[in-house]
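The structure appears below as structure tokens.
Where a number appears in this text, it was derived from the coordinates with a stated rule and is not lab data. Since the model is a prediction, treat every value here as computed from it, not as a measurement. Cβ coordinates were reconstructed from backbone atoms using ideal geometry, including for glycine residues, and neighbour counts include every protein chain displayed.
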Amino acid sequence: MIQLRESWWKRSVVYQIYPRSFMDSNGDGIGDLQGVISKLNYLEKLGVDVIWLSPVYDSPNDDNGYDIRDYQAIMQEFGTMKDFEQLIDEAKLRGIRIVMDLVVNHTSNEHAWFVESRSSKNSKYRDYYIWRDSKDEHPPNNWGSIFSGSAWEKEDATNSYYLHLFSKKQPDLNWEHEPLRNEIYKMMTYWLDKGIGGFRMDVINFISKDEKLPNGVVHSEQQYGDGSPYFMNGPKIHTYLQEMNEKVLRHYDVLTVGEMPGASPEEARIYTNSANQEVNMVFTFEHMDLDSGPHEKWDVQPLDLVELKLNLEKWQHALHQIGWNSLYWNNHDQPRIVSRFGNDKDYREVSAKMLAICLHMLQGTPYIYQGEELGMTNVRFENISDYRDIETLNMYKEKRQQGIAHESIMESIYAKGRDNARTPMQWTVDGGFTTGTPWIEMNTNTAKINAEQVLADESSIFYTYQKLIKLRKEHDIITNGSFQLLLPNHPNLFVYKRQFEEEEWLIVANFSKEMEQFDWNVYDRRNDNGKVIIANYETPEIEGDIMIVRPYEAFVLAFGRR
Ligand code: NOJ
């Protein structure tokens with residue numbers, strides 16, 4: 001029988017590095033590529049297969065590198081092209097591939113294309129961006145920018161507006177224009193030829209806009225219209241992704257993951273079905289939006305575990321044997337998961353391990369964000385001036401202008417601000433990130449939470465992640481098994497079953513600080529107590545019909561032939 005080769009990225013675990021905050025090698029307070037290289041042994045020990053590097057391209061850093069000035073140059077603060085090549089080589093020696101961030105919905109306004117484009121209506125680069133004439137001194141439509149204010153910026157010189165879904169220093173590229181698309185494909189080929197392992201594609205489902213750019217609905221308490229139905233999963237998105245695949249990606253054996261806010265599981269089936277040749281997997285936002293109000297991430301709501309379970313179940317089923325899931329709790333845009341869905345006070349370690357076990361046992365490719373393996377927590381800076389993130393700063397300013405109290409805005413920032421994820425990696429009791437002054441304050445708990453300490457303690461969160469990564473290599477059921485949710489309405493227990501060939505695994509996770517009862521009647525264990533694969537308490541007490549699941553306890557049991 002011909003054995004089809006399984007795609008390597010299905011059995012991989014990805015580690016995301018936000019280079020600015022990972023490791024500073026030269027004392028300027030900013031992380032850099034030599035810093036990353038110096039920590040490759042640490043990542044090898046953890047066991048990850050892939051590093052996703054947030055943008056390292058030349059950038060004026062309005063949005064920390066997500067505003068690219070030159071796609072083919074390395075940001076000076078991070079090092080040189082030689083450093084980058086060294087990183088690829090040294091990572092390869094350790095069996096690690098480097099995946100780059102591909103930010104092609106927009107560039108920096110300092111990119112040479114935009115400088116040309118804005119210079120005149122007749123510029124050869126005019127159509128590289130989305131320009132519209134001024135309508136009676138009003139912007140072309142009512143869309144709001146994701147970073148506050150209007151999504152349009154006026155250029156007096158040509159009496160026209162350009163679209164920027166993010167900051168005004170991040171003008172949107174016009175994907176309708178073929179020469180622009182070809183430039184992007186050329187640039188992608190340049191990096192792939194250097195030996196990178198793939199791309200994480202920034203808001204890639206925003207690149208096709210409804211050309212009519214209709215006004216969006218203005219939701220209650222909002223100042224601007226919601227343009228998302230006209231730019232998310234737009235009319236030509238599949239055409240563009242297939243073209244990108246045809247011209248570039250299919251010629252390389254690489255990992256591709258599309259960041260796709262607003263993509264439903266049904267859409268993700270299309271994006272990730274290998275027959276369509278678009279991307280390998282997408283980052284969904286649905287599970288990350290469950291603790292927010294319907295129209296604003298800053299409107300903080302408690303998480304309902306039942307909703308989280310049903311949502312993850314929907315994605316597990318939608319993509320099983322059709323597409324592929326990515327699995328994540330954290331990245332550089334999200335608050336720290338242990339402070340969010342776990343408990344960073346009395347149960348920090350145990351809840352961090354529970355979250356890891358619960359996520360890594362799902363079907364899909366897991367992503368670990370730097371510091372997650374240490375159980376790093378959110379921060380609470382007292383002064384807004386200590387924050388660095390443009391999204392947070394713009395939102396604060398806008399809400400203050402609307403008369404909202406400082407304290408109330410700060411509570412939203414403490415819960416949801418992106419800088420929670422961006423404080424420097426905590427390597428040692430004194431920080432160990434830099435010998436200089438860090439570009440953003442360290443979290444004050446580095447004496448207690450740091451890499452040195454977790455490495456020395458074999459029962460630490462770090463080793464739970466290490467074990468989860470190893471298990472994935474050893475057991476096909478993790479990669480290939482089906483998923484079935486048990487106890488869907490239980491408010492605190494997340495229980496599910498994986499099944500592959502003749503094996504069945506049961507995963508039980510308590511998302512609360514209460515003692516919970518698990519009734520074995522919901523799972524037919526046929527007089528078998530199963531084998532403990534991984535657990536976050538020493539011995540799960542499995543005997544008896546009703547089992548007590550301790551605060552934030554999680555374990556995986558394997559049952560043999562069924
Ligand atoms: C998504 C990125 O993850 C985020 O950090 C960035 O601000 C926006 N896209 C704009 O590029």
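Tabulated data
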item	result
V56 long-range amide H proximity, modeled H, under 5 Å	D101
Burial ordering of W143, W520, fewest other beta-carbon atoms within 10 Å first	W520, W143
Using alpha-carbon coordinates, inclination of helix 461-474 to the longest axis of the chain, degrees	80
Amide proton proximity set for D172, modelled H, under 5 Å, gap of 5+	I130, L163, H164, L165
Per-residue ³J(HN,Hα) for segment 242-253, Karplus 6.51 cos²θ - 1.76 cosθ + 1.60, θ = phi - 60°, Hz, x for Gly and Pro	5, 5, 4, 5, 4, 7, 10, 5, 5, 7, 9, 9
Per-bin percent of Cα-Cα distances, segment 23-139 [5 Å]	2, 11, 17, 18, 15, 12, 8, 6, 5, 4, 2, 1, 0
Spherically averaged projected area in nm², based on the convex hull that wraps the Cα atoms of segment 1-86	7.5
Hull volume in cubic angstrom per residue (convex hull over the Cα atoms of segment 409-479)	147
Convex hull per residue volume in Å³, alpha carbons only, for segment 359-513	167
Taking the chain and dividing mean pair separation by its residue count, relative contact order in percent (alpha carbons under 8 Å, at least six apart)	13
Value of [θ]222 nm, deg cm²/dmol, for the chain, DSSP H segments ≥ 4, -39500 (n - 2.57) each, nearest 500	-8000 deg cm²/dmol
Rg/Rh (Cα only; Kirkwood hydrodynamic radius) as it applies to segment 268-340	1.01
Relative contact order for segment 164-257, counting Cα pairs under 8 Å that sit 6 or more residues apart, in percent	30
Of every Cα-Cα pair in segment 290-379, the percent that sits beyond 19 Å	45
Where trypsin sites (Lys or Arg not before Pro) fall in DSSP loop in segment 35-110, at most 14 other Cβ within 10 Å	R94
Simple Cβ-charge dipole of the chain, Lys/Arg +1 and Asp/Glu -1, about Cα centre, in debye nearest 20	880
Rg [Å, one decimal], Dmax [Å, integer] - the chain, C-alpha atoms	23.7, 79
Efficiency of FRET between D386 and N26 - r from beta-carbon atoms, R0 22 angstrom, step 0.05	0.40
J(HN,Hα) series, segment 313-328, from Karplus relation 6.51 cos²θ - 1.76 cosθ + 1.60, nearest Hz, glycine and proline x	4, 4, 5, 4, 6, 4, 9, 4, 6, 10, x, 7, 9, 9, 10, 8
Cα principal axis extents for segment 325-364, largest first, Å	32, 23, 10
Nearest 10 degrees, 0 to 90: helix 348-360 Cα axis against the chain principal axis	80
Translational diffusion coefficient (Stokes-Einstein; Kirkwood radius from C-alpha pairs) of segment 421-531 at 10 °C, 1.306 mPa s, in µm²/s	90
Antiparallel content of DSSP bridges confined to the chain, in %, to 5	60
Kirkwood hydrodynamic radius over Cα pairs of segment 65-107, then Stokes diffusion coefficient at 37 °C and 0.692 mPa s, in µm²/s	281
Listed residue (L290, T272, W191) projecting farthest to the positive dipole end of segment 179-292, Cβ model	W191
Whole-percent pair-distance distribution, where bins are 10 Å wide, for the alpha carbons of segment 236-364	11, 38, 32, 15, 4, 0
Ranked by how many other beta carbons lie within 10 Å on average, peptides 498-506, 179-187, 345-353 from highest	345-353, 498-506, 179-187
Contact order relative to length of segment 219-318, as percent, for alpha carbon pairs under 8 angstrom and 6 or more apart	22
Percent breakdown of C-alpha pair distances by 5 Å bin, ordered from the shortest bin, for segment 84-228	2, 9, 16, 19, 17, 12, 9, 7, 5, 3, 1, 0, 0
Spatial separation of Cα centroids for segment 74-99 and segment 221-260, in angstrom	27
